[in-house]
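The values are calculated or read from the model by the stated rules, or taken from the named source; none is laboratory data. Model, not experiment: these values are computed from the prediction. As a convention, Cβ positions derive from the backbone with ideal geometry for all residues, glycine included, and neighbour counts pool all protein chains shown.
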Amino acid sequence: MPVTDTTDLTDEAQDALHELQIATEYLHRAYGDLLKCHHQTGHAMDRLQNAQEKLEEAGLETAAEELAGEHLPAGAVEEKWTYEIVEEYRDGFLDDLLAFEAEVREEIADGERHITEQKQRERLRERADDGSGDPPFSSDG
């Protein structure tokens with residue numbers, strides 16, 4: 001059973017809230033992908049530092065100096081290092097949209113999460129209890 005009575009929530013409002021919640025789940029996944037990019041780039045930078053040392057050892061000073069002076073200190077995107085991109089995404093875009101979703105959810109569903117899934121669970125349990133075998137979703141909603 002839902003914690004909050006959502007029987008007065010229209011189908012349209014429920015659908016809109018569901019889309020917002022799915023969107024925020026995808027935003028969390030995107031944030032995880034950014035973290036992965038940040039970590040992978042860090043590992044690559046470690047290897048580039050190793051390459052710089054090996055270039056020096058091989059007597060390839062011009063390449064070693066270019067790597068050390070231009071590529072290693074450069075940012076990944078517009079002079080930003082990946083940690084800066086991760087922080088800007090999290091502290092700006094992600095936090096703003098999470099707050100927006102929470103405001104809308106609070107306004108129309110008393111803050112309740114996963115209403116669509118709760119209702120689906122209830123329909124499946126009711127179907128199992130009555131043994132009808134009817135699909136959990138009717139054509140009228």
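Between ALA102, ALA74, which is small (Gly, Ala, Ser) and at pLDDT 95 or above? Checking each option against the conditions leaves just ALA102.
Just one of the listed residues (ALA44, ALA68, ALA64, ALA23) is closer than 30 Å to ASP110 by Cβ and in a helix (DSSP H, G or I), and it is ALA23. Looking across the stretch 107-123, just one residue is surrounded by fewer than 13 Cβ atoms within 10 Å (Cβ to Cβ), under 21 Å from the mean Cα position of the chain (by Cα) and of a type in the set (D, E, K, R), and that is GLU117. Kindly indicate whether any position in the stretch 81-91 is surrounded by 12 or more Cβ atoms within 10 Å (Cβ to Cβ), at pLDDT 95 or above and closer than 29 Å to ILE115 by Cβ. Yes, some residue in the stretch 81-91 is surrounded by 12 or more Cβ atoms within 10 Å (Cβ to Cβ), at pLDDT 95 or above and closer than 29 Å to ILE115 by Cβ. Among the numbered conditions (1) surrounded by 15 or more Cβ atoms within 10 Å (Cβ to Cβ); (2) over 28 Å from LYS119 (Cα atoms), the only one that LYS54 does not meet is (1).
Could you grab me the full set of residues in the stretch 57-79 that are exposed (fewer than 13 other Cβ atoms within 10 Å of the Cβ) and not hydrophobic (A, V, I, L, M, F, W, C)? Answer for the stretch 57-79, where residues must be exposed (fewer than 13 other Cβ atoms within 10 Å of the Cβ) and not hydrophobic (A, V, I, L, M, F, W, C): GLU57, GLY59, GLU61, THR62, GLY69, GLU70, HIS71, PRO73, GLY75, GLU78, GLU79. Counting the residues of the stretch 65-76 that are more than 11 Å from LEU48 (Cβ to Cβ) and in contact with a helix residue (DSSP H, G or I) (Cβ under 8 Å, 6 or more places away or on another chain) gives 2. ALA30 fulfils the conditions (1) surrounded by 14 or more Cβ atoms within 10 Å (Cβ to Cβ); (2) closer than 30 Å to GLU101 by Cβ; (3) of a type in the set (A, V, I, L, M) except for a single criterion, (1). Looking only at the stretch 111-129, count how many residues are of a type in the set (A, V, I, L, M, F, W, C) and touching a helix residue (DSSP H, G or I) at 6+ places or on another chain (Cβ under 8 Å). The qualifying residues number 1.
A Cβ distance below 9 Å, combined with a sequence gap of six or more or placement on separate chains, defines the contacts here; from the stretch 85-110, residues that are within 17 Å of ALA30 (Cα to Cα) and part of a helix (DSSP H, G or I) reach residues that are among the small types (Gly, Ala, Ser) and at pLDDT 95 or above in the pairs TYR89/ALA30; LEU94/ALA30; LEU97/ALA23; GLU101/ALA23.
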